[in-house]
Structures are given as C-alpha cells and as structure tokens.
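The values are calculated or read from the model by the stated rules, or taken from the named source; none is laboratory data. Only a predicted model underlies this, so the values are computations on that prediction, with no experimental measurement involved. No Cβ is skipped: glycine too gets one built from the backbone with ideal geometry, and neighbour counts run over all protein chains shown. In case anyone asks, the SASA skips ligands and DNA or RNA and just uses the protein heavy atoms, side chains included. Shrake-Rupley method; radii C 1.70, N 1.55, O 1.52, S 1.80 Å.
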Amino acid sequence: MEVESGAFVEKARAALGDATLQHALKHIKHGFVEARANAAARLPDFEAMRDRARDVKAHTIANLADYLEQFEANVTALGGRVHWARDAGEARAIVLAICRNTGARTVTKSKSMVTEEIELNPYLEEHGIEPIETDLGEYIIQLRKEKPSHIIAPVIHLSKDQVADTFHEHHPKHGFHERLTVRSDMVREARSILRQRFVKADVGITGANFLVAETGSAVVVTNEGNADLTASLPDTHIVVTGIEKLVPTLDDCHLMLRLLPRSATGQDITAYISFFTGPKRAADLSGPSSFHVVLLDNGRSNMMGTEFEEMLRCIRCGACLNHCPVYANIGGHAYGSVYPGPMGAVLTPSLAGIDKAGHLPNASSFCGRCEEVCPVRIPLPRMMRHWREREFERHLTPRGARWGLHAWAVIAASPTVYRAMQWTTSRLLRLVAWRGWIRRLPLAGAGWTGQRDMRPPSGDSFQRQWRKRGGRR
Amino acid sequence: MVADDSRAEILGRLRQAVPRQTADHAPPRAFRTWQAPGATEIQGRFVQRLEAARGTVEKVASLADVPEAVARYLAGQNLPARLNVAPELKSLMDFAAGALTVDDSLPVEDGRVVLTGCIAAVAETGTFVAASGPNRDPRLNYLAETLIVVVGADQIVEAYEEIWNRLRVRTGKEAPRLVSFITGPSRTADIEQTIEWGAHGPRRLHVLISDETP
Amino acid sequence: MPFSGPSRLCAARRLWHYAPVKKPLQTKPQAALFVTCLVDLIRPQVGFASAALIEAAGFEVVVPKGQTCCGQPNYNSGDRRAARSMAERTIEELEPYSHVVVPSGSCAGMIKVHYPSLFDEADALFGKARALADRTEELTVFLARHGYTPSVPLQATRVAYHDSCSGLRELGIHDQPRALLRKLPGLKLLELSEPEVCCGFGGTFCVKYPDISGRMVENKTADITATGADTVAMGDVGCLLNIEGKLRREGRDIRACHVAELLAGTLEPRRGG
Ligand code: SF4
C-alpha cells in the first residue's frame, strides 16, 4: 500500500489555499453531516443499534478465524472458491490468475477500497487487462488518474466544472464531443458509455461491505446499481475484500445495514443492497458461472490482540471523515493514503507501518467527534494516541517535540521548578507584549502567532498571587 | 502450496492472538421484527417509504388489471408502449389487452421499459426484493431505464429479516445466488453531493400493488 | 505594564472581596481548586473567579500547593511514561480532598477519564485514580450541582457559549454552563451554528499544524461573529486563548472570556487597542 504522508503539512497548506477544493468540501456539511443527524433522529432505536452493532462486530472479530472458515465452507459447498491473500501482492496475483484463466480482456469494477489498497488497477493494466471503474465517482477518478479522496465519495474534492472538463477531454473517443455542463446530462453520458462496457466485460470485480458466515454471502451496497451490473453480466464474479468484513448471520448483517447508510449518507437505505451467494445454479436463467472471493489480510491479522484490534470493527461508512474538522478543511488527498481522515489515521499505520504514516495519527485535535458518530463506536482518538505512543517509544517523534516533552515532564515533577518556570515565562511574555498583546513569538510559539495574537499573563501566576494574598494552600 | 500457506498463516495469526474484545458475547441476535416509524398499517408504511425514496405507486385489484395499468402509466410518462416482461410474469397476464408490445431482448439500450415481479417487499424502507432463480432474470431490474414492479399485497413484510424466512434460508435451504434489496430508482450524488437519478439502473420506478399475488 | 491601572485595580478589588478567609471555618466543607497550568500562568484571574464561585457555593477553597500540570501535553503526545508520573504526582497531591474542582473541561477530562487508563487494574494507583476521578468535577458541573445562583453585576448582554470538545464529549458538559449563564438577569445567550465543531486548539495540535488550526479557528470566529454576540464565553482557557487571539488578529470587537469570569462578575472591562 502506497503511503505518502511525509508531505502532509505542505499538502494540507496547499489544500487550504485551493479555492475550488474549499468550495467542494463545503458540500460535506449538508450532504453528510446534517443528513446523518436527520436519519439518526428518524430512527428511535439508532443508539441502541449502535451498541448492538459494536458487540456483534467485537464478537465476530474475537472469533474471526472460526467465522472465516464457516464462510469458506459455505462458499465452497455452493461451488464458489475462496482465496487467501497474505498481502497486496498475493491478492493481485490471485485476481490476475483468475482473469487469465477466463481469457479476460476487460474487467468491470464496482467501487472497492480494498482494490485501491492493493493498487489493483495499474497491475491489471500492466498485464494487458483493462479495468473499468463503473461507480461514477471512481470512473471520474480513473479518467483523471487520481486517487479517491473519500472512502465513500471518491470525487468529493472536485467541482462540477472539473468533471465537465474531464468528460470533455475523454469522451470524444466514444462519440460525445460536446462539453456538458448540466449534471443530469453528464450522468446520462457516462451511463451510456459505461453501459456498453458492462455488456462487453469478461469479468466483474466487486468489493464487499459484509460477508455473511452462515450463508457464504458477499453483500454489496450501492446507490447506482453498478455493483449489480458488474456482478450479473460477466461470466465471472470476483469479490475482493478484507478478512474483517465478516458478520455471523443474516440478521446481524441487516442490523449493520440499518446503520451503514444512515451513518454514511444519511439515507435510511441505499438504492441497492445485494447478497451474492455462490455462482449461478444449474436452473438459473442468468448469472456468472464462476464466483471467487479473495480474502485479503495485508496487516489486519497483526492488529488482533493489540490496542488497534477494535479498528477491525470498522464498516467503512466514512462518518468519521465527514465529521472530522481536519478532514473537512483539507480533504482526503493531503493524507497521502487511500484511507484518509480519522479511520485512516488509525488504519494506515497498521497496514503500512507507523514510520511511513507519522503525520496521520498526529494531525488530530482530539476533538472526539469521530468516535461520537462511529456506528460501531470505535475509540478512534484513543487509538491515534496509541500510535503516538508507539512513535514516541521508537523515537520517531520529532526531536524538538521530544525535548520539549522531556523538559516539561522534569519541570512538572517539581513544584519548585514549576513555579520558577511559571514566573520566568510570565515575565518574559509580559516583556514581549506590546500594547497588551503579543504579535510574534519565536520557536514553537511562531506556530501560534502566525495565525493569531496572544494576550500575555495579566500578572504573576495564580498560585503566586494566591499565596501572597494569604489564600489557603 | 503458497495458497495453503497463506490460509494457514492468516488463520494461525488470528487464533494465536488473544482478543481484547469480548469473545464470549452470546451469538448476537439482531432485533426481532421491528416496526419502523410511519403509517399504522403495513401497506401504508410501504407506500410512504417508497414514495420518500422517489418511487411511485398505484394499486390494482388483480393481475388481469396490470397490463392496462402499465399502458396507462407509460402513456402518462410519454413513453412508448413497448416493454420487456420478466419471465415469471409472462404467463400470468395478457399484454395484448393493454395494447402493449412485448420485446424480450435484453434491455441494454437507453429508454427500455421492464415489467417485473419480486419475491417480497419490505415496509421498513419501501423496498422490493429481487432474486435469481429458475424463472427469474434479475439483470432486468438493473438494465431497465423504466422499471415497473408488481408487488402482491401479501408479499409485503415488515422488516428485512423476514425475507430470509420467506426464502426458507433459515430452515436449511441454500440462499439463491442473488438476493437484491432495491429501494427507489438508481441514483448518484458523486458530483457535488447532489442527487441525480438513473445513474446506471432505472431512472423511474413504478410499483403496482396488486391484491392478487403473482 | 500591559494593563491600564484603574481597570485592573477595580477587577482586583472585586476579587479581593471574594478572597478566602485565612482560618478555616469549621462549618464549611473544603474544595481543592486544581487551577491548571494555563490558568495559573496566563489567566490567573480565571483562578480567582473560580475560587470566588466555589466559595459562594458554600465551600472553603484550598489551592494545594504542590500542583503543577495534569500531564495532558505528554499524554496526548505519546509520552505515556511521563504522563503516568505526572498523574501519580497529581493523584498524591489531591489525595486529601473530598472535592476537587477544575476550571477546564480538558484537564478535568484528563483526570476523570484518562487517569484511570494510565494504570494497570492491579496497580494500587488505579484505585486511587478511580477514586480521584469520582471526586473531581469541572467547575460548571460543580456549580450547577450545588445550585449556585450568581448575583453579580451583568458584564455582557449578548453572550455566545463555545463548548470545549473535551468538556462536551468526555464529560457531557452542555447544559450546565448555559443554565448558569441564564441565571444572570438580562443576559441573552446565543447559540453558534456549529457548536459541536472544534475551535482548532487541540493542545500541541495548534503549534504542530498551525495552518489547519488557523483555519479551524477562523471558521469558529466567523461563526461567533455571525451570532451578533458581544462576548463569547467558554470553559477552557486553551480554547479561550485560541479564539481570543484570532478575534484580536481579525480586529473583531468581541470579547472572549472564561465562563467563570462572567459568573463571578470579575470580567475586566473592555480594553481598546
Ligand atoms: S471508523 Fe467508524 S465512522 Fe469511521 S469509517 Fe469506520 S465505521 Fe465508519
């Protein structure tokens, strides 16, 4: 998994100055935040369901090996095949081998973060197979050779005009020459191009939102219906997904399905929820004759038993991104990982290593809103803090910060030193103030005064004044 | 073999770790049938929720009335009286009655109309449920630009979970290859978080609730 | 001198009025004020306002003299070991008091929510941490629980309240400060359009990621301005420094203060410049 979080600060700064992006990000509030609040308010049992969902997933993760075996047995009994991939490379190779076996030339894909994680598309292209993204957002991303900037709304960073330009650049080869500017016309044009691609594709690749152990079903949720076309028209259906997607039973799955769309987009249900179970049966009128499930580990099993285990409950709803004040101001690309925002801040270092993802768990004010909205109640800030601890232990924290923390610990350990420090700092701050305000500070203080002023202390420290006045101590 | 190694290694790692979360949680049972807020009787709730999802609804007394209702709907939408009829409905009604032309080729082109049945419908969210099977072709549901669905009044259940009872999956029968919960027309909000209808599947979804079940 | 003489004197005199008596009155229960390092250094007047309020609520105020920092900066930066020893010190220091009051949502949250998680359940300190957590209250929670009613001169008429994230989410502080402010006759309480959004302070976050933090506080001051408030009150000095500094940099004529200052009637008069 490719992670470029090193340039986070620079990318974030650029994002803050990008007027088009800033305008696009404004849609989060109405499109997601308010919609979720309304959906939750409409459902009296919403909070109780979240507790239940947390418990269901916790139970599943704690017994994951058993449920995976049950799932595999059920898929196999129906004539499907389950493949196990330790890492991205294995997963890609498995998918390629299946495609080659069927002599595939083109592959339709419905949106899948796991295939983004394993960078499947460039790999298939290198090997002469054309992947076609069919989710409108992913399709636009593919044309623009970008990465998604949100786990459920891949092009949330783009304006309608940018999409219009992209279509205008790429659609003439399909016979569409006009630059469309009306959204519905743009959707219609993409639809008719993709319809042809659906019909001709040799293999369909989808992700899975859930895997149901008791039936061996892969469950896919969409609003466009593209996953259903992807999985229904070609003769081969490959599901590529992570091992943590299991739920024990159909009932458990429906519980999750009541929470997922409400948390994600504020819909009570998405337009399509499909349970795919095995290949076409002998008497069926249609459907793919071969059905494969590729189960990806890629670092997930290493999270078991660690302080990051609870992250395996994640159902990828994106609510934590939508409610994150950092994400809402800089968008997803600045994070340099296909998993951005709070969930990415915890997951990315687990999958790619903390040395590669250092900024991600640090770029949070710990406001806690992500945890507040997470449908499976994952304590995201706590886990980000655990990553900071790992960094600190491994001396990956920047030297200046480490030094400062050590110094502060020494100061705070002794009330005498602490009081002397407070006295000195108070004096210094009052000294550099001009007309009652401090406009510029050096070192770490520069980060502060670059953005805002500071009022100096109004006098000696509280404790000193209290003592002088004879207050009880 | 590499594949077996991977399987063993992944399962081994999962089993070796001592989970931090409660492993002994009683196999969680989801909510029992559960009534979503809305109209008091089930059909009313179904209609309410479906209309909230941009579906349209009409009631018919019997299956014999379906062709005429379809013809009227298509005329009202200024659509040609030509449609693909799903296999499970074909023998149940006479389409000549509504002056409809039946075209059974796969509805790949723009503008195609499909009339289909369902295995059940769910009041909770105004959803109808399509499935694969010997005389069903679920592809039609996704390819049509205008989709008309016949739902028998007694096919409507309260909550999603009940679908699996109807399919007898809980009593040992294997699940069909595809069970699809469909709610309203296909849509996308990818461009500027603004909803557009008919992303890949139907732009219009019309449901005929029939007192007689197909 | 940073402050003009007369106004400072006025404020000081009012504070003096509430200054504690030296000899304990045996009838009054004691409450320890854990003043927090930010208040201690940068906003001593918030400490005095808090002391006055605790006293007015019927308690004798003690400021344990060994108190330093609760350890939050180290804890949130991954320096768990230092955080633990700072917690240990604070736990010992506050051990004798049956009521501990903290004029900060985040420091109170540190003690109430995070201290217990720093120790193994087998560790004796775990029990002590839990006990301290139970005895500790954020200032407005403490005042609301003791039915405190302010009777002080009104110093601001249109007041917006800003929720600090830790107070709101870790301690569920929402209604208490609002209810207390509403008890000031003539004060109109205004709500922000996005009260649940962080102001961008976040402890070390604001100096580690100044650009992002700067934008967050810019959004916050815009929201505050849109309410038409003359004053914005809050329960955390971290948020206060952040919001006040941004308002000032933007040249906006809106005062920022700790909610204790309004409740105690010790807010400094508006200053020009
Ligand atoms: S962490 Fe929670 S809120 Fe974020 S994507 Fe996962 S399930 Fe959704």
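Within region B:78-117, can you find the residues that are over 20 Å from B:SER210 (Cβ atoms) and either among the polar types (S, T, N, Q) or open to solvent by less than 10 Å² (accessible area, probe 1.4 Å) (or both)?
B:ASN78, B:THR101, B:SER105, B:PRO107
Filter region A:298-318 down to residues that are among the basic types (Lys, Arg) and under 23 Å from B:GLY12 (Cβ atoms) and give me whichever is nearest to the ligand (Cβ to nearest atom).
Ranking the qualifying residues of region A:298-318, first place goes to A:ARG313.
Please work out which residue is nearest to the other protein chains (Cβ to nearest Cβ), limiting yourself to region C:200-227 and to residues that are acidic (Asp, Glu) and in contact (Cβ under 8 Å) with a residue 24 or more places away in the chain.
That would be C:GLU218.
Could you tell me which of the residues A:LEU360, A:LEU295, A:LEU285, A:LEU321 is assigned to a helix (DSSP H, G or I), more than 10 Å from the ligand (Cβ to nearest atom) and in contact with a Gly (Cβ under 9 Å, 6 or more places away or on another chain)?
A:LEU360
Condition check: open to solvent by less than 10 Å² (accessible area, probe 1.4 Å) and either away from the ligand (no atom under 16 Å from the Cβ) or facing chain C (nearest Cβ under 8 Å) (or both). Does A:ALA420 satisfy that? Steps first, please.
Values: open to solvent by less than 10 Å² (accessible area, probe 1.4 Å): no; either away from the ligand (no atom under 16 Å from the Cβ) or facing chain C (nearest Cβ under 8 Å) (or both): yes.
Here the answer is no, as A:ALA420 does not meet what is asked.
Checking B:THR171 against (1) over 16 Å from the mean Cα position of the chain (by Cα); (2) surrounded by 20 or more Cβ atoms within 10 Å (Cβ to Cβ); (3) of a type in the set (Ser, Thr, Tyr), which single condition isn't satisfied?
Unmet for B:THR171, out of (1) over 16 Å from the mean Cα position of the chain (by Cα); (2) surrounded by 20 or more Cβ atoms within 10 Å (Cβ to Cβ); (3) of a type in the set (Ser, Thr, Tyr): (2).
Can you tell which of C:ALA87, C:ALA83, C:ALA131 is over 21 Å from the mean Cα position of the chain (by Cα) and of a type in the set (A, V, I, L, M, F, W, C)?
On inspection, the qualifying residue turns out to be C:ALA131.
If we scan region A:255-266, do we find a residue that is closer than 23 Å to A:VAL107 by Cβ and assigned by TED's automatic domain parsing to the domain that holds A:LYS111?
no
So A:LYS356 passes all but one of these: (1) basic (Lys, Arg); (2) more than 11 Å from every other protein chain (Cβ to nearest Cβ); (3) under 14 Å from the mean Cα position of the chain (by Cα). Which condition number does it fail?
(3)
This table checks each residue for (1) away from chain B (no Cβ under 14 Å); (2) of a type in the set (Phe, Trp, Tyr); (3) under 14 Å from A:ARG390 (Cβ atoms).
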position: A:GLY305; (1), (2), (3): no, no, no
position: A:HIS323; (1), (2), (3): yes, no, no
position: A:ILE330; (1), (2), (3): yes, no, no
position: A:TYR335; (1), (2), (3): yes, yes, no
position: A:MET343; (1), (2), (3): yes, no, no
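With (1) in contact with a Lys or Arg (Cβ under 9 Å, 6 or more places away or on another chain); (2) open to solvent by 30 Å² or more (accessible area, probe 1.4 Å); (3) under 30 Å from A:ARG399 (Cα atoms) as the list, and C:ARG252 as the residue in question, which single condition is left unmet?
So C:ARG252 meets the others, but not (3).
Considering only region C:239-265, state which residues are assigned to a helix (DSSP H, G or I) and of a type in the set (Gly, Ala, Ser).
Listed by number, the residues that qualify are C:GLY245, C:ALA260, C:ALA264.
Just for region B:7-27: of the residues that are more than 7 Å from chain A (Cβ to nearest Cβ) and at pLDDT below 80, which one is nearest to the chain's Cα centre (by Cα)?
B:ALA26
Can you give me the number of residues within region A:332-342 that are within 16 Å of the ligand (Cβ to nearest atom) and either part of a helix (DSSP H, G or I) or more than 13 Å from A:GLU2 (Cα to Cα) (or both)?
4
Pull up region A:423-446, narrow it to residues that are in contact with a helix residue (DSSP H, G or I) (Cβ under 7 Å, 6 or more places away or on another chain) and open to solvent by less than 10 Å² (accessible area, probe 1.4 Å), then point me to the one that is nearest to the other protein chains (Cβ to nearest Cβ).
Looking at the filtered set, the residue picked out is A:SER426.
Pull out all pairs, ordered by first then second residue, where Cβ-Cβ is under 9 Å, the residues are six or more apart or on different chains, the first lies in region A:332-358 and is closer than 23 Å to A:LEU16 by Cα, and the second is within 16 Å of the ligand (Cβ to nearest atom) and among the basic types (Lys, Arg).
Once the first residue is closer than 23 Å to A:LEU16 by Cα and sits in region A:332-358, its partners that are within 16 Å of the ligand (Cβ to nearest atom) and among the basic types (Lys, Arg) give A:TYR339/A:ARG316; A:PRO342/A:ARG369; A:MET343/A:ARG316.
So which residues in region C:134-187 are in contact with a Phe, Trp or Tyr (Cβ under 9 Å, 6 or more places away or on another chain), assigned to a loop (DSSP other than H, G, I, E, B) and in contact (Cβ under 8 Å) with a residue 60 or more places away in the chain?
C:HIS146, C:TYR148, C:SER164, listed by residue number.
Pairs needed: first member in region A:269-287, at the interface with chain B (Cβ under 7 Å from one of its Cβ atoms); second member anywhere, in a loop (DSSP other than H, G, I, E, B) and of a type in the set (A, V, I, L, M, F, W, C); C-beta distance under 6 Å; at least 6 residues apart or different chains.
A:THR277/B:ALA175; A:GLY278/A:LEU78
Testing A:HIS254 on (1) away from the ligand (no atom under 16 Å from the Cβ); (2) open to solvent by less than 10 Å² (accessible area, probe 1.4 Å); (3) in contact (Cβ under 8 Å) with a residue 12 or more places away in the chain, one condition comes back false. Which one is that?
Just one mismatch for A:HIS254, condition (3).
On the given criteria, is C:LYS220 under 22 Å from the mean Cα position of the chain (by Cα), of a type in the set (Lys, Arg) and farther than 26 Å from C:LEU171 by Cα?
Values: under 22 Å from the mean Cα position of the chain (by Cα): yes; of a type in the set (Lys, Arg): yes; farther than 26 Å from C:LEU171 by Cα: no.
So C:LYS220 does not fit the description; no.
What's the number of the only condition in (1) open to solvent by 10 Å² or more (accessible area, probe 1.4 Å); (2) more than 8 Å from chain A (Cβ to nearest Cβ); (3) not polar (S, T, N, Q) that B:ARG187 fails to meet?
With (1) open to solvent by 10 Å² or more (accessible area, probe 1.4 Å); (2) more than 8 Å from chain A (Cβ to nearest Cβ); (3) not polar (S, T, N, Q) applied to B:ARG187, the lone miss is (2).
So, A:ALA328, is that one assigned to a helix (DSSP H, G or I) and of a type outside the set (Val, Ile, Thr) or not? Explain how you work it out, then say what you get.
Working: assigned to a helix (DSSP H, G or I): yes; of a type outside the set (Val, Ile, Thr): yes.
For A:ALA328, the condition - assigned to a helix (DSSP H, G or I) and of a type outside the set (Val, Ile, Thr) - is met.
Please determine whether any residue of region B:157-165 is within 7 Å of chain A (Cβ to nearest Cβ) and open to solvent by 10 Å² or more (accessible area, probe 1.4 Å).
yes
Pull up region B:190-199, narrow it to residues that are open to solvent by 10 Å² or more (accessible area, probe 1.4 Å) and within 7 Å of another protein chain (Cβ to nearest Cβ), then point me to the one that is nearest to B:ARG136 (Cα to Cα).
My answer is B:GLU196.
For region A:145-184, give me each residue that is open to solvent by less than 70 Å² (accessible area, probe 1.4 Å) and among the basic types (Lys, Arg).
Scanning region A:145-184 gives A:LYS160, A:ARG183.
Right, A:ALA345: among the hydrophobic types (A, V, I, L, M, F, W, C) and within 12 Å of the ligand (Cβ to nearest atom) or not?
yes
Give me the residue from region A:367-384 that is surrounded by 24 or more Cβ atoms within 10 Å (Cβ to Cβ) and facing chain C (nearest Cβ under 7 Å) and, out of that set, farthest from the ligand (Cβ to nearest atom).
The qualifying residue farthest from the ligand (Cβ to nearest atom) is A:CYS367.
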